[in-house]
Amino acid sequence: MKALCWHSPKDIRCDEIPDPTIEHPRDAIVKVTSCAICGSDLHLYDGYMPGMENGDVMGHEFMGEVVEVGSDSRHALNVGDRVVIPFTIICGECEQCRRGNFSVCERTNRNKNAADKVFGHATAGLFGYTHLTGGYPGGQAEYVRVPYADRTHIKVPKNGLSDEQVLFLGDIFPTGWQAAVQCDIQPTDTVAIWGCGPVGQMTIRSALLLGAKQVIAIDNVPERLAMAQAGGATTINFEKESVVERLNELTQGKGPEKCIDAVGMEAHATATLDSIYDKVKQSVMLETDRPHVLREMMYVCRPAGTLSVPGVYGGLLDKLPFGAVMNKGRTIRTGQTHVNRWTDDLLRRIEEGQIDPSFVVTHRVSLDDGPGMYKTFRDKEDGCVKVVLRP
Ligand SMILES: NC(=O)c1ccc[n+]([C@@H]2O[C@H](COP(=O)([O-])OP(=O)(O)OC[C@H]3O[C@@H](n4cnc5c(N)ncnc54)[C@H](O)[C@@H]3O)[C@@H](O)[C@H]2O)c1
Ligand SMILES: [Zn+2]
Ligand SMILES: [Zn+2]
């Protein structure tokens with residue numbers, strides 16, 4: 001089959017590799033009908049996440065049709081079922097899964113020992129996302145093996161909704177939703193969201209659906225800011241205006257109650273002192289992440305406010321103004337998304353027409369054109385916001 005394989009940073013190729021087979025009775029094989037490139041894939045493409053190996057199959061946002069089911073999954077899945085696969089592989093039985101903390105499932109990371117050493121505790125297995133999260137082949141491929149398939153799926157109706165309307169249930173839609181839910185939004189709240197990439201776009205709409213009074217979105221890419229505005233946000237271009245000054249202006253000098261980092265470890269900034277410091281340290285491997293957005297949020301968020309961080313960080317962060325966090329009594333909430341915790345509710349909202357997540361798609365290509373699309377998406381060329389691949 002064809003699959004997008006990682007070879008080294010900035011070298012992803014569409015290779016011919018063997019089809020996956022059932023390896024365990026709880027597995028299923030899914031024929032992928034649509035998959036997407038996620039902002040998290042860019043951290044692998046750019047080489048900032050440790051634990052990738054030559055030949056790893058990329059992709060953790062995908063859906064398709066079940067074509068084979070292992071004997072232990074047959075009570076839950078049938079050949080022919082239409083499924084979206086969550087990026088987090090879940091057993092459904094461990095203590096964390098039973099609490100709905102699916103992204104920290106205790107059983108599905110098959111490289112638990114290595115992850116325990118790096119992070120203190122292993123987290124769930126993830127598709128197409130480094131050997132620290134299990135090294136499972138991903139879904140930017142014609143077929144994929146889904147481990148723990150009896151629990152690791154979201155069934156979607158066969159008719160009515162298009163692939164693009166439901167595909168993002170596997171990642172960016174629940175990610176934006178969880179980021180907003182973790183802010184415990186009140187009807188009087190201003191929610192500021194850094195990053196108008198696909199995750200930021202979902203976060204903007206989620207915050208408004210959850211009843212925020214005002215949503216302010218920050219980026220420097222004009223077409224992404226325009227999409228944010230179309231979704232109901234007031235926008236700030238960080239290249240053209242001071243983010244802190246504008247946020248204070250828009251909140252009567254008090255700062256936003258809720259701040260969400262939908263940017264993560266590869267933040268860009270105009271030449272501020274801290275961003276130059278980060279670039280230099282990251283380039284000589286003395287810092288893994290560029291936490292400019294976190295610093296800005298810690299500075300500007302209203303006292304007693306909440307910082308929600310769906311943006312991915314990989315390691316050790318430098319020069320964070322933790323004094324501001326502590327003295328102003330802030331709450332920080334973060335995490336990889338507990339996808340299946342939210343998806344029944346979100347599928348219902350799509351079916352009811354409250355939201356159609358396909359608005360974010362700008363590019364549709366074949367797997368063969370996937371490698372080039374990584375660059376287009378990363379460099380935000382050609383108005384690219386979200387890429388869907390059709391194997
Ligand atoms: N927590 C999760 O489970 C989860 C799931 C999916 C994605 N993510 C993470 O969410 C983040 C965003 O993903 P995405 O798909 O939207 O990626 P993306 O790279 O397309 O979007 C990031 C956006 O941030 C903007 N940006 C950069 N520096 C900024 C700054 N200083 N201020 C404001 N905006 C800035 C960029 O211009 C870009 O539009 C990534 O870190 C990704 O890994 C997390
Ligand atoms: Zn993702
Ligand atoms: Zn579990």
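Here is how the numbers come out for the structure above:
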quantity	calculated
log10 of Debye I(q)/I(0), alpha-carbon scatterers only, for the range 212-302 at 0.19 Å⁻¹	-0.92
Per principal axis, descending, Cα span of the range 66-210 in whole Å	51, 45, 28
THR33-LEU317 FRET efficiency (beta carbon distance; Förster radius 35 Å; 0.05 resolution)	0.35
Between the range 115-152 and the range 28-96, the Cα center-to-center distance that results, in Å	8
Kirkwood hydrodynamic radius over Cα pairs of the range 124-216, then Stokes diffusion coefficient at 37 °C and 0.692 mPa s, in µm²/s	213
³J(HN,Hα), Karplus 6.51/-1.76/1.60, whole Hz, each residue of the range 212-229, x for Gly, Pro	5, 5, 9, 10, 10, 10, 10, 6, 10, 9, x, 6, 6, 5, 5, 5, 5, 5
The range 117-196: trypsin sites (Lys or Arg not before Pro) falling in loop per DSSP and having at most 16 other Cβ within 10 Å	LYS158
Rounded, prolate or oblate (a/c below 1.5 giving rounded, otherwise prolate when a/b exceeds b/c) for the range 262-380 by Cα gyration tensor	oblate
Whole-angstrom Cα spans of the range 267-331 along principal axes, big to small	36, 23, 18
Flagged links, alpha-carbon separation over 23 Å, of LYS240/LYS281; LYS213/LYS380; LYS2/LYS31; LYS10/LYS117; LYS10/LYS380	LYS240/LYS281; LYS213/LYS380; LYS10/LYS117
Total formal charge among the other residues, if their Cβ is under 11 angstrom from that of CYS183, Lys/Arg +1 and Asp/Glu -1	-1
Gained length - ILE22 relative to THR331, 0.36 nm times residue gap less alpha-carbon distance	106.9 nm
Cα-based Rg / Dmax (Å) for the chain	20.1, 61
Ranked by how many other beta carbons lie within 10 Å on average, peptides 217-224, 190-197, 284-291, 320-327 from highest	190-197, 217-224, 284-291, 320-327
Estimated translational D of the range 1-128 in µm²/s (Stokes, Kirkwood radius over Cα pairs; 25 °C; 0.890 mPa s)	153
Diffusion constant of the range 160-262 at 25 °C, which comes from Stokes-Einstein with the Kirkwood Cα-pair radius and 0.890 mPa s, µm²/s	180
Per residue value of the accessible surface for the chain (all protein chains in place, 1.4 Å probe), Å²	40
Neighbourhood net charge (15 Å Cβ-Cβ; Lys/Arg +1, Asp/Glu -1) for GLU352	-1
Share of carbon and sulfur in the accessible heavy-atom surface of the chain [1.4 Å probe, %]	51
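The values are calculated or read from the model by the stated rules, or taken from the named source; none is laboratory data. Source: prediction; values computed, not measured. Don't worry about glycine lacking a Cβ; one is built from the backbone with ideal geometry, like all the others, and counts go over all protein chains shown. Only protein heavy atoms, including side chains, enter the accessible area calculation; ligands, DNA and RNA are left aside. Shrake-Rupley method; radii C 1.70, N 1.55, O 1.52, S 1.80 Å.
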